Amino acid sequence: MEELLGDPEVMRYYPRPKSRDEVSRWIDSTLRSYDEHGHALWVLELIDTGEFIGDCGLTWQNVDGNRMLEVGYRLLPRFQGVGYATEAAAACLRFAHEKLGEDHVVAIINPDNWASRALAERLGMRVEQETTTADGRPIVVYGMRAIPD
């Protein structure tokens, strides 16, 4: 996780790459989400080798006072652009629908992150709103009401 969350390219659309201590706190927060909700972000590994390539999963987020289930995805740069994030995010959408009974999932994206926006659109998501985070950063909220099979 340090390699992923500390990578300047991966974290380009976040406030900054995370330090070792911040990664440790992020892991603790993720484990709490598993305890509280039964899900969070999952580690992504290549099936053939078990090599770590990133993370993807479902987390609850607050957007303008509304609690929303978000599908999030991050890959190490050398694994981007080959379909892994699309495959993982689509599986998360199916899990949200089939296992959690959720019919609305969002992706919260920095407006300048065109690759992530394109991925959300490939998944069938559409822009629902443009707003800012609690600390004032602009975001575009993509969402879908029905999860396709």
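What nm distance separates the two modelled labels at residue 67 and residue 31, each placed 7 Å from Cα along Cα→Cβ?
The two pseudo-label positions are separated by 2.4 nm.
For residue 79 and residue 133, what does the FRET efficiency come to when R0 = 22 Å and r is the distance between their Cβ atoms, rounded to the nearest 0.05? Numbers along the way, then the final one.
Values: r = 27 Å, r/R0 = 1.21.
Once the sixth-power term is evaluated, E becomes 0.25.
Ignoring everything except DSSP H segments at least 4 long, calculate the 222 nm mean residue ellipticity for the chain; use -39,500 (n - 2.57) per segment, divide by total residues, nearest 500.
Working: 4 runs with 46 residues, N = 149.
Calculated from helices alone, the mean residue ellipticity at 222 nm is -9500 deg cm²/dmol.
If you place +1 on the Cβ of every Lys and Arg, -1 on the Cβ of every Asp and Glu, and leave all else neutral, what size is the dipole of the range 2-144 about its Cα centre, to the nearest 20 Debye? Show your work: numbers first, answer last.
On the way: 15 positive and 24 negative charges, 50 e Å.
Magnitude of the dipole: close to 240 debye.
Using every Cα-Cα pair within the chain, state what percent have a distance larger than 21 Å. It would help to have the intermediate numbers written out before the result.
On the way: 4765 of 11026 pairs.
Of all Cα-Cα pairs in the chain, 43 percent lie more than 21 Å apart.
Compute the relative contact order of the chain as a whole-number percentage, counting only Cα pairs closer than 8 Å that sit 6 or more residues apart in sequence.
Answer for the chain is 17 percent.
Could you pull out the trypsin sites (Lys or Arg not before Pro) across the range 98-143 that fall in loop regions by DSSP (anything but H, G, I, E, B) with no more than 14 other Cβ atoms inside 10 Å? Don't skip to the answer; put the middle values down first.
Details: sites: 99, 117, 122, 126; in loops: 99.
Those satisfying the criteria are 99.
Please say if the range 25-64 is rounded, prolate or oblate, where rounded means a/c under 1.5 for a ≥ b ≥ c the square roots of the C-alpha gyration tensor eigenvalues, and otherwise the choice is prolate for a/b larger than b/c and oblate otherwise? Intermediate values should be presented prior to the final figure.
Details: a/c = 2.56, a/b = 2.04, b/c = 1.25.
Prolate.
Normalised radius of gyration for the range 1-88, please: alpha carbon Rg relative to 2.2 N^0.38 Å, two decimal places. If you can, show how the numbers build up before the last one.
On the way: Rg = 13.4 Å, N = 88, 2.2 N^0.38 = 12.1 Å.
Taking the Cα Rg and dividing by 2.2 N^0.38 Å, one obtains 1.11.
In the chain, what % of DSSP beta bridges are antiparallel (nearest 5)?
Values: 26 of 27 bridges.
Looking only at bridges with both residues in the chain, the antiparallel portion is about 95 percent.
Since every read-out is calculated from the coordinates, none of them should be taken as a lab result. None of these values were measured; they are calculated from a predicted model. Positions of Cβ are backbone-derived with ideal geometry, glycine not excepted, and every protein chain shown enters the neighbour counts.
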